[in-house]
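Read through the structure below, which is laid out as structure tokens, and then see the notes.
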Amino acid sequence: MAAAAVVEMMGGTPAQALDAAAMAIKNILGLVCDPIAGLVEAPCIKRNAIGTANALISADMALAGVKSIIPFDEVVEAMLKIGRSMPCDLKETGMGGLAWTPTGKQIHERIFGKS
């Protein structure tokens, strides 16, 4: 949505805003949410910074006339289907992805003690 907002702020059209949003969302489809020790500091803060760059680049492309070949509504539908098909332990449980690496587990133990 940030990509669409940037397009709007820059005087782009509603169609360009939707193209920007679609392009930005397509870049993160299927991203595993795996906060280490249940805390958003890792990896979320870094992902938010990359998400900002993603939004700005997607807005810039849309303003330059690049169109998303998949319409925004279909991208959102795909995102929903991907989210529903992902295993629960990859969806903000801290039980998969980076949170379940040896280092991720050590950080959890250091903060909360042994489980």
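Here are some notes:
- Every residue from the range 70-115 that is within 26 Å of Ala20 (Cβ to Cβ), of a type in the set (A, V, I, L, M, F, W, C) and surrounded by 11 or more Cβ atoms within 10 Å (Cβ to Cβ): Ile70, Phe72, Val75, Val76, Ala78, Met79, Ile82, Met86
- Verdict on Gly30 being in a loop (DSSP other than H, G, I, E, B) and farther than 30 Å from Ile107 by Cβ: no
- Scan the range 1-55 for residues that are basic (Lys, Arg) and surrounded by 15 or more Cβ atoms within 10 Å (Cβ to Cβ) and the total you get is 2.
- Within the range 1-15, being out of contact with any Asp or Glu (no Cβ under 9 Å at 6 or more places or on another chain), of a type outside the set (Gly, Ala, Ser) and assigned to a helix (DSSP H, G or I) holds for Glu8, Met9.
- In the range 29-86, the residues that are at pLDDT below 95, of a type in the set (A, V, I, L, M, F, W, C) and closer than 24 Å to Met10 by Cβ: Ala49, Ile50
The values are calculated or read from the model by the stated rules, or taken from the named source; none is laboratory data. This structure is a prediction, so every number in the text was calculated from the model and none was measured. Every residue, glycine as well, gets a Cβ built from its backbone with ideal geometry; the counts of neighbours run over all protein chains shown.
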